[in-house]
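Below you'll find the structure, written out as structure tokens, and then a few comments.
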Amino acid sequence: MPELPEVETTRRGIKPHASGQVVRQVVVRESRLRWPVPPEINTLLPGSRIETVWRRGKYLLFRTGAGTLIVHLGMSGSLRVEAAGTAPKKHDHVDICLHGGNILRFNDARRFGCLLWTNDDPLEHHLLSKLGPEPLQDEFTAEYLQRLSRGRKAAVKTFIMDSRVVAGIGNIYANEALYLAGIRPGRAAGRISLDRYRELVAAVRQVLSSALEQGGTTLRDFVGGDGKPGYFRQRLKVYDHAGEPCPGCGSELRQIRLGQRSTVYCENCQT
DNA sequence: ATGCGGACCTGTTAGC
DNA sequence: TGCTAACAGGTCCGCA
């Protein structure tokens, strides 16, 4: 579920409640996540102070004096702040109880998310070390995409959803950005011009920033750090609108599958 | 090196 | 109404 805007929305919601707080206790009700919750979550995290909460791609990073907690929300995960004493709901797998009286509560129905621990630089962790540039930072450019894509036959949509190419773009925003850029999702990445990659980079930036302003996209179960949904769903132009008229030209939006992911586009506006 | 399909899970919905 | 199948915001891994 959560792509970059949802993870960043979560970070912003949680940060004021978590930064500077000392962890009082950790309760793990279900340790079978994508990877088993490591023992350090129980041994090193309690008693340590959360210094900062930051983000790399779709990973949330909680730096403490004892090491760094790495959190990924997978498809259905959320992390929200609740008052101590609030009864856990279904799929509330982990509670990080803070001395101030709040709980950071990890919920994930599908358990594709994870909580990991590292004592080293988290950016060197094997899950993060190969991530491509942040799409909202300057290193993400048309020249970069063009250079990296030469000779590649993969669909451009699959290409920009590859976290080694650029971090944080998932299925919703890949569809939206390609629509905004007027590029057909199935086009081979290696055969797209620099000018069209310029359009694409601008579109990615626009759609991600705009989604961020709206607190992310909630299709069914996403909630931010405050437990509230995001409001970008009503701004989606193509995702979740297959069979409906294209907002630009009125022709019917088509749905296909690319890399096992549903892909929606306008055959007229995207070439 | 690149690309593909399968795997990991539960919940919701569409179809019979 | 109930059963079954397909699909859902992610991404790692093993194999060709």
- Query: Which residue, of A:Glu82, A:Glu134, is under 30 Å from A:Arg198 (Cα atoms) and either outside the structural domain of A:Leu200 (by TED's automatic domain parsing) or buried (at least 20 other Cβ atoms within 10 Å of the Cβ) (or both)?
  - Reply: A:Glu134
- Answer from A:Trp54, A:Trp35 - the residue that is over 29 Å from A:Gln206 (Cα atoms), surrounded by fewer than 16 Cβ atoms within 10 Å (Cβ to Cβ) and under 20 Å from the mean Cα position of the chain (by Cα): A:Trp35
- Filter region A:121-130 down to the residues that are more than 15 Å from the chain's Cα centre (by Cα) and surrounded by fewer than 19 Cβ atoms within 10 Å (Cβ to Cβ), then identify the one that is farthest from A:Leu61 (Cα to Cα). A:Lys130
- Message: So, A:Gly85, is that one more than 21 Å from A:Glu8 (Cα to Cα) and within 16 Å of DNA strand B (Cβ to nearest atom) or not?
- Response: no
- Determine which member of the set A:Leu131, A:Leu104, A:Leu98 is touching a Gly at 6+ places or on another chain (Cβ under 7 Å), away from DNA strand B (no atom under 13 Å from the Cβ), at pLDDT 95 or above and under 29 Å from A:Val26 (Cβ atoms). A:Leu131
- Query: Which one is nearest to DNA strand B (Cβ to nearest atom), of the residues in region A:232-261 that are of a type outside the set (Lys, Arg), under 22 Å from A:Asp162 (Cβ atoms) and out of contact with any helix residue (DSSP H, G or I) (no Cβ under 7 Å at 6 or more places or on another chain)?
  - Reply: A:Gln260
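Rundown of residues vs (1) under 21 Å from A:Leu180 (Cα atoms); (2) among the aliphatic types (A, V, I, L, M); (3) loosely packed, with under 14 Cβ neighbours inside 10 Å; (4) not assigned by TED's automatic domain parsing to the domain that holds A:Gly186, yes/no style:
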position	(1), (2), (3), (4)
A:Asp221	no, no, no, no
A:Arg233	yes, no, no, no
A:Lys237	yes, no, no, no
A:Pro245	yes, no, yes, no
A:Cys249	yes, no, yes, no
A:Arg254	yes, no, no, no
- If you go through region A:6-28 one residue at a time, do you hit one that is in contact (Cβ under 8 Å) with a residue 60 or more places away in the chain and within 15 Å of DNA strand B (Cβ to nearest atom)? no
- Query: Looking at region A:98-120, which of the residues that are within 13 Å of A:Trp35 (Cα to Cα) and surrounded by fewer than 18 Cβ atoms within 10 Å (Cβ to Cβ) is nearest to DNA strand C (Cβ to nearest atom)?
  - Reply: A:Phe112
- Query: Hey, which of the strands (runs of 3 or more DSSP E) in region A:80-141, taking only ones fully inside, have at least 3 residues that are out of contact with any Pro (no Cβ under 9 Å at 6 or more places or on another chain)?
  - Reply: A:92-98, A:102-108
- Message: Any residue at all in region A:167-176 that's β-branched (Val, Ile, Thr) and in a helix (DSSP H, G or I)?
- Response: yes
- Query: Failed condition for A:Lys153, given (1) without any contact (Cβ under 8 Å) to a residue 60 or more places away in the chain; (2) in a loop (DSSP other than H, G, I, E, B); (3) surrounded by 20 or more Cβ atoms within 10 Å (Cβ to Cβ); (4) not acidic (Asp, Glu), with all others met?
  - Reply: (3)
- Query: What residue, of A:Gly190, A:Gly182, is touching a Ser or Thr at 6+ places or on another chain (Cβ under 6 Å) and within 23 Å of A:Glu267 (Cβ to Cβ)?
  - Reply: A:Gly190
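The values are calculated or read from the model by the stated rules, or taken from the named source; none is laboratory data. Values in this document were obtained by computation on a predicted structure and should not be read as measured data. Reconstructed Cβ throughout: ideal geometry from the backbone, glycine too, with neighbour counts over all protein chains shown.
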